[in-house]
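The values are calculated or read from the model by the stated rules, or taken from the named source; none is laboratory data. Since we're looking at a predicted model, the values are computed, not measured. Ideal geometry is used to build each Cβ from the backbone, glycine not excepted, and the neighbour counts take in all protein chains shown. SASA here: full protein model, heavy atoms, side chains in, ligands and nucleic acids out. Shrake-Rupley method; radii C 1.70, N 1.55, O 1.52, S 1.80 Å.
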Amino acid sequence: MSGYILTNRIKKDRVIVSHGTAWSPWWCWALCQVRALCQGNGLLVTALIFGMTFGMTSTLGVVTCSGQDGVDFAREIRPILSNYCFECHGPDRAARQADLRLDVSAGLFAEAESGVIPVVPGQPDQSELLLRVTSDDIDQRMPPAEAGRVLDVDQVLLLRRWIQQGAIWQQHWSWKSPVRPQLPTVSDSDWPAGAIDCFVLARLDGEKQIHSPPAVMETLIRRVTYDLTGLPPSLNQLDRVLQDPSPDAYTKEVDRLLATPRVGEHLAWAWLDAARYGDTNGYQGDLTRTMWPWREWVIDAINANLPFDQFTTEQLAGDLLENATVDQQIASGFHRNVPLNGEGGRIAEESRVEYVVDRVETTATVWMGLTAGCARCHDHKYDSLTQREFYQLFAYFNNIDESGNVDSGGNAKPVMKVPVKEKMYQVQTVQRQLEKQEAKLADLSANTDSQDAQQWEQQLLAGQQMEPLWGGWKFLGPILADSVGHGHNKQYGPETVGDASLGYRDRIWEDKYWPDGKAVVMPLVPSSVGYAYRQVRVSIPTSVEVTVGADNAVRLWVNGIEVLEKITSGGANTEQEKITLELQIGVHDVLMKISNRAGTGGFYFETTLQGLLPEIKKILSTPKVQRTEDQEQRFTELYWQSVPELQDLTYQIRRLQGRLQQLQKETHVETMVMRERVEPRETYLLVRGRYDHLDKSEKLSPEVPATLPAIPEGAAKNRLGLARWLMAKEHPLTARVAVNRYWQALFGTGLVATSEDFGSRGEQPSHPDLLDWLATEYVRLHWDRKALLRKLVTTRTYGQDSGATSESFKLDPKNRLLGRGPRFRLPVQVLRDQALAMSGLLVETIGGPSVKPYQPKGIWAEFSFGKIQYTNDSGPNLFRRTLYTFWRRSAGPANIFDNSDRQVCSVRPRRTNTPLQALVLLNDKTYVEAARMLAQRILNLEVETSKERLVIAFRIATARRPTTTEQAALDRCLERSRGYFQEHPAAVEQLLAVGQARSDIRLDRVELASYASVMNVILNLDETVTRE
Amino acid sequence: MGPEAEFRQLVTRRELLGRASQGIGAVALASLLAQDGMTASSGHDSPPGILGVPHGVPRAKRVIYILHNGAPSQVDLFDHKPGLKKMRGEPLPESVRQGQRLTTMTANQKQLALLPAIAPFRQHGDCGMWLSDFLPHTASIADDICLVKSMHTEAINHAPGITFFLTGAQQPGRPSFGAWLSYGLGSANDELPTYCVMTSLDREASCGQIFYDWYWGSGFLPSRHQGVKFRSNGDPVLYISDPPGMSRKFRRGLLDDLARLNELRHDTVGDPEITTRIGQYEMAYKMQASVPQLTDVNTEPQHILDLYGSDVTRRGSFAYNCLLARRLAEKGVRFIQLMHAGWDQHSNLPTQLKIQCQDTDQPAAALVKDLKQRGLLDDTLVIWGAEFGRTVFCQGDMDNAKVHGRDHHPRNFCIWMTGGGIRGGMVYGDTDDFSYNIIQQPVHVHDWQATALHLLGIDHERLTFRFQGRDFRLTDVHGQVVSDLIA
């Protein structure tokens, strides 16, 4: 036993002594116990006396409410029983010894099997429990020696006092519905801005601690902007608030921030961690799934401030709502985010059971802070949840229409097609353009003279005007690709834009004189692609046979529609592929993409006229008088189209039609949703949690744990009813757990630090009354998320200065008393987002499929033996918020640290400080490029001196001006950098070449590199990466 | 931990100033290391890792764990069953199989025909250990190793099986062995991670198994305990290289400026976390220097390179990783995890097994010899094993050696261990005549974990971490130390 533990004990004893409750006669007894427990170590007694002489403050962190008010069972006694006794004398029937149960009042106060009574209120010396934990007899003493745990002296004292005071028993605190507490009286009634501050101050008063002064406005604006939006304040924003003299300048800013869509993006992150969101299935194969529509729903729902009760209902059971909308069904995908195991040889039912178990555990953690997983194999050892009850919860999720296989591409059924908003919008745009052009055409046609029609018909019959006119080739490339397959599949622009006049990055279209009917060598390098483009003008609908050969892969589009796709192994030969094109009158775009593996690459292209389309042949061969009305109309139409002025229009229309057709293929994606089976699946308890060990003795139906409130009247026995039950006003856990997570997000630690566990082994709340007040307040606000956040960030508590004296850190290192403002490192996704935002690179598009920003080379090849390659996107997708980064479960993004790995539900942030994190922020391309672009940004400002530039850069990062000493350090850093780069011109170009964003060519290269290096330092400042 | 102790672990401003002549970063780092019990000046109140002092006397200070991903066949390599030869092609007797579950890959196979070992066995060393002719180099260290023939596990598929060995649970999410060790014992060096991981692949890249990063994850432990992957391409450790154009000296200068600015902030806000950050940046700088040195094996003398075989200079090969493991062990890295894939021989056993043995036999034996000649084997526990074994019956067409193999077999398989207190020259446990059931001295995965922890001086029941209200440990709620394995 270390000296430290003892010192700690003594401190608590001092509290007891000073309150004068229980000094002697059993204080001496306690001392003896110390000796007994420590086996007569003389040193310890010395320490004891030392501790009594020099009193210290009570332990912080965990609540110690000893003193005048008497012992609180729920907060002080139950944790002792839970930690030391429940394992053998708790809820778990199978593990229970001597049929003694100490987690219920009946067990504590009734005569046990042996005839003794564990606890006799008011009579410590007759209480067997106390006798046992203090017994000298090794056979009698509890917990037994092999448990390796011994009660310490103040725990024994507490138990004794509790019994002496009448042994009042209470339910575990979190299983009782919160009651709105009275506001406490405080030492300084001017300080609190509301109820929250009262509770905080009362606790500080109780510990004889004081609150901190308010943070300066710059710091506060920076703090709240990060907390609500996950992004830094802009200088404009900052200056606007700082210059606003009105007393509500801050609250106005809070309201403005809460109304921005950045809030939804920021708050969604924690929900994604809780929902174990990923873009792949995990396990072997790790196929890509499509769950981003669900992510988009979360962002939109938060931005629309969907009340948390409704949010919950749609997440858990959106599909079961009456006339469920598409969005509500998408929302139900919450529980389809489970990893899927598609490994060969896997037993599907085993997987399916794992998914259902995961849903129970995740639901319990997210909404109830309940560690249900323990009860999968046996009754919960510490909390009132039996194994049977676990499987009753299991029954709620056991009827999903799923097989356990990955059976719908990368997705698993049930799935549904859902619209892609961005594409839908594009469809509308193209449709409008199309309508316009068609109207023009109709207009022109109506005014076209048709007297030459007959002459035209004669020419056709004579076989004239049939040969299509092929234009020359244009070439775009080579564009480097990782492999032939990769280049073949990746879209570089020409095939999606549908406008061949657009180039690709610095490549432009060049004219080429390539002959038809011969193997053409394109200017390609190994592993690259090239595009060839030409037009063909057709005067009468004809069919043309095209023969294509490719070295090594080809895609062919006509008017934006893909007509050929092939990967070959050899060179470009004749007769490789033949396709017949039916070409209507007008100009047609022919776009060909060739992907080259190695050596030279090229193609073979030849066309053969097959003659008029059969439909046209038929019309022409019918004498004019015998033609049907339709045929005649068609003939007139054809004639019109042959008129040169109309041809351009028809060409436009055809292109738009092609684009529309392509877009319409992309307007819907398949995503996973919840759906019930028609034939209900039967639920049984699984012995030891094994999928194939069903206890068939009893069929179980959906039900909630007995210790918690009953299912509300009229609620269905399905997920919808479960959601209603969770959100019922009297549910003791949901609101507490929810507000605690908001507190955790804003203050770094929850009021209950173990935000995932509100059970008897979880930590006690640091401010129980505050937690209950907030829980009841959230319900009173009708689960209005933004209103609650607003309330929290406008408290005095939140607004305190986060700096502190060493003394303050010493007294309360984790700030559990909230005597100062919260100061902690920004979450990792915010670190990346802020670098993008500060440098001006951030692309603020909301929603959509996941994107692939920079990752180190070979990042996926390394773990998958080269089978899966990571290729980062280019252009705007590199600079989207981290929320949209593609998340492969088998290897998450390499520059994300301290985050949930998205395998299982996670609700508590991690915050460590390691050299590997330093390496990411110093060296990752993302951050190096951001430093360069931030340098460019400040070099382009219209200011005179480097001093001013550095002040602005420092403000961008920290929201404040540097002090004179800091300014000097920054100046020195700039001088150091200039000195280095002036001497190393090659280094300048190397540094400036990092990242795709272009450097401004007007800027001095040495200056840019020097500033970029200083910005690299600024982006790594402790203050920059910390939310103060 | 109480506030006092917590505070004692934090570096005070006064200490910083007093030692500022060494540079702010260096001082901050020294203080951090003192917390990990790595410097002589550290007091007893600064425990190395959570345990402070180990529970028992450690026999091993570090572990090198060679995990053969995919499950090498114990029937063909270690578990000598001479009687099988005569029974080739006969069905596996039902009395032996006892209705055990099979994977869906062979569950519907009409016949489970016995396939004897594909190479002859011979006895080796003073101990007379039977080993396949496929393993001539392992044979040369027979007297050093302890072969456990009675391992058994609960998983029947790869990822869950490997996860079970490494974390004690089949589902991902718990800390892996190395992370537990880092958490329990802390770091033993100041320039390299505590827990290093390397992966390699068979020459033909035949298998589909993936090296998931949870295989070296920290689960619910703080993420600084997770393994650091040494890569075979690009930077040996991710982000270890400075940006192009930045020299080491220039970076040093920038880091000094950064430390100065951070120190100024610490003066104002007083948060000890700032000092920690200064120290971590310093350690990052040191790692940047030591990792490239370490991964450059060309500095090794020729006779050492020869010991590991011709593949040793190819970065990312199993041989290279074995040599790197020795170099990491010398530097005091606590847990070195080598994973090698390509053993999942369902349909290519006769061709692939030999190649795999050729690639791995010599380097693994060389590692043991090399450690031994440097005196490192005494306190380094080396483990060679996989997630399960393979069936004695044939999967696929018995008569077509080009396409047949063996299915997964979790009921018994072999691992070997050496060094760090293990009894060498010994075979432990036994199986029936079909290498299908254990008949003597079974060793469960949790027993193996308990034993390995015991050798490191750790009581597996007392290295715990409370998460979601439960005190988790590597061995879940099971595990018995197998004391017969210990010298």
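Across segment A:790-817, which residue is most open to solvent (accessible area, probe 1.4 Å) among those that are touching a residue at least 12 places away in the same chain (Cβ under 8 Å), assigned to a helix (DSSP H, G or I) and within 14 Å of chain B (Cβ to nearest Cβ)? By that ranking, first place goes to A:Leu811. Considering A:Pro247, A:Pro232, A:Pro184, A:Pro192, the condition of being of a type outside the set (Ser, Thr, Tyr), assigned to a loop (DSSP other than H, G, I, E, B), at pLDDT 95 or above and farther than 22 Å from A:Val739 by Cβ is satisfied by A:Pro232 alone. Quick one: is A:Arg1002 more than 10 Å from chain B (Cβ to nearest Cβ), open to solvent by 30 Å² or more (accessible area, probe 1.4 Å), assigned to a helix (DSSP H, G or I) and at negative phi? No, not satisfied.
Listed here are the residues, each with its yes/no results for (1) open to solvent by 30 Å² or more (accessible area, probe 1.4 Å); (2) in contact (Cβ under 8 Å) with a residue 24 or more places away in the chain.
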| residue | (1), (2) |
| --- | --- |
| A:Leu340 | no, yes |
| A:Thr365 | no, yes |
| A:Ala372 | no, no |
| A:Lys381 | yes, yes |
| A:Tyr391 | no, yes |
| A:Glu402 | no, yes |
| A:Pro414 | no, yes |
| A:Val418 | no, yes |
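Report yes if some residue within segment A:150-172 is open to solvent by less than 60 Å² (accessible area, probe 1.4 Å), over 30 Å from A:Leu770 (Cβ atoms), free of Cβ contacts under 8 Å to residues at least 60 places away in the same chain and not charged (D, E, K, R); otherwise report no. Among the residues of segment A:150-172, not one is open to solvent by less than 60 Å² (accessible area, probe 1.4 Å), over 30 Å from A:Leu770 (Cβ atoms), free of Cβ contacts under 8 Å to residues at least 60 places away in the same chain and not charged (D, E, K, R), which makes the answer no. Among the residues in segment B:53-63, are any over 30 Å from the mean Cα position of the chain (by Cα), at negative phi and in contact (Cβ under 8 Å) with a residue 60 or more places away in the chain? Looking for residues that are over 30 Å from the mean Cα position of the chain (by Cα), at negative phi and in contact (Cβ under 8 Å) with a residue 60 or more places away in the chain, one finds none in segment B:53-63, hence no.
Scanning segment B:282-295 for any residue that is away from chain A (no Cβ under 14 Å), of a type outside the set (Gly, Ala, Ser) and either open to solvent by 10 Å² or more (accessible area, probe 1.4 Å) or in contact with a His (Cβ under 9 Å, 6 or more places away or on another chain) (or both) turns up at least one such residue.
In segment A:554-670, counting only strands (runs of 3 or more DSSP E) that sit wholly within it, the ones holding 2 or more residues that are touching a Pro at 6+ places or on another chain (Cβ under 8 Å) span A:577-583, A:586-596, A:601-612. A Cβ distance below 6 Å, combined with a sequence gap of six or more or placement on separate chains, defines the contacts here; from segment A:541-563, residues that are open to solvent by 10 Å² or more (accessible area, probe 1.4 Å) reach residues that are at pLDDT 90 or above and of a type in the set (Lys, Arg) in the pairs A:Arg555/A:Lys593. Restricted to segment B:82-186, the set of strands (runs of 3 or more DSSP E) holding at least 3 residues that are within 21 Å of B:Gly389 (Cα to Cα) comprises B:129-132, B:146-152.
If you go through segment A:971-998 and keep only what is more than 11 Å from chain B (Cβ to nearest Cβ) and either surrounded by 20 or more Cβ atoms within 10 Å (Cβ to Cβ) or assigned to a helix (DSSP H, G or I) (or both), you end up with A:Arg978, A:Gln982.
Hey, any hits in segment A:699-712 for a residue that's within 14 Å of chain B (Cβ to nearest Cβ), more than 30 Å from B:Arg101 (Cβ to Cβ), at pLDDT 90 or above and open to solvent by less than 20 Å² (accessible area, probe 1.4 Å)? No; the residues of segment A:699-712 include none that is within 14 Å of chain B (Cβ to nearest Cβ), more than 30 Å from B:Arg101 (Cβ to Cβ), at pLDDT 90 or above and open to solvent by less than 20 Å² (accessible area, probe 1.4 Å). With a requirement of 3 or more residues that are closer than 28 Å to B:Cys196 by Cβ and open to solvent by less than 30 Å² (accessible area, probe 1.4 Å), the strands (runs of 3 or more DSSP E) lying completely within segment B:304-410 that satisfy it span B:335-341, B:380-385. Against the definition (surrounded by fewer than 19 Cβ atoms within 10 Å (Cβ to Cβ) and either without any contact (Cβ under 8 Å) to a residue 12 or more places away in the chain or over 28 Å from A:Leu817 (Cβ atoms) (or both)), how does A:Asp188 come out, yes or no? In short, no.
Considering A:Val943, A:Val904, the condition of being more than 10 Å from chain B (Cβ to nearest Cβ) and part of a loop (DSSP other than H, G, I, E, B) is satisfied by A:Val943 alone.
Does B:Ser223 satisfy being open to solvent by 10 Å² or more (accessible area, probe 1.4 Å), facing chain A (nearest Cβ under 9 Å) and of a type in the set (Gly, Ala, Ser)? Here the answer is yes, as B:Ser223 does meet what is asked. For beta carbons closer than 9 Å, sequence separation of 6+ or different chains, a first residue in segment B:452-469 that is over 18 Å from A:Arg908 (Cβ atoms) and open to solvent by 50 Å² or more (accessible area, probe 1.4 Å) and a second that is of a type in the set (S, T, N, Q) and in a loop (DSSP other than H, G, I, E, B), the qualifying pairs are B:Glu461/B:Thr475. Within segment A:458-512, restricting attention to residues that are under 29 Å from A:Leu613 (Cα atoms) and of a type in the set (Gly, Ala, Ser), the residue that is modelled with the lowest pLDDT is A:Gly498.
Here A:Arg741 meets each of (1) part of a helix (DSSP H, G or I); (2) surrounded by fewer than 19 Cβ atoms within 10 Å (Cβ to Cβ); (3) more than 14 Å from chain B (Cβ to nearest Cβ); (4) not acidic (Asp, Glu) with one exception, condition (2).
There is at least one residue in segment A:849-858 that is outside any loop (DSSP other than H, G, I, E, B) and either more than 10 Å from chain B (Cβ to nearest Cβ) or among the β-branched types (Val, Ile, Thr) (or both). Is it the case that A:Gly282 is under 15 Å from the mean Cα position of the chain (by Cα), assigned to a loop (DSSP other than H, G, I, E, B) and either closer than 30 Å to A:Val1025 by Cβ or within 14 Å of another protein chain (Cβ to nearest Cβ) (or both)? It is false that A:Gly282 is under 15 Å from the mean Cα position of the chain (by Cα), assigned to a loop (DSSP other than H, G, I, E, B) and either closer than 30 Å to A:Val1025 by Cβ or within 14 Å of another protein chain (Cβ to nearest Cβ) (or both).
Scanning segment A:949-998 for residues that are at pLDDT below 95 and more than 30 Å from A:Lys857 (Cα to Cα) yields a total of 0. Looking only at segment A:213-252, residues that are touching an Asp or Glu at 6+ places or on another chain (Cβ under 8 Å), in contact (Cβ under 8 Å) with a residue 24 or more places away in the chain and not polar (S, T, N, Q) come to 13 in all.
The set of residues from segment A:867-901 being within 20 Å of A:Leu841 (Cα to Cα), buried (at least 21 other Cβ atoms within 10 Å of the Cβ) and either in contact with an Asp or Glu (Cβ under 8 Å, 6 or more places away or on another chain) or within 12 Å of chain B (Cβ to nearest Cβ) (or both) comprises A:Arg881, A:Thr882, A:Leu883, A:Phe886, A:Pro893, A:Asn895.
Condition check for A:Lys423 on (1) open to solvent by less than 40 Å² (accessible area, probe 1.4 Å); (2) not in a loop (DSSP other than H, G, I, E, B): one failure, at (1). Screening A:Ser766 on (1) within 24 Å of the chain's Cα centre (by Cα); (2) assigned to a loop (DSSP other than H, G, I, E, B); (3) among the hydroxyl-bearing types (Ser, Thr, Tyr) shows it passes everything except condition (1). Residues in segment B:258-272 that are over 39 Å from the mean Cα position of the chain (by Cα), within 26 Å of A:Tyr1011 (Cβ to Cβ) and facing chain A (nearest Cβ under 7 Å): 5 in all.
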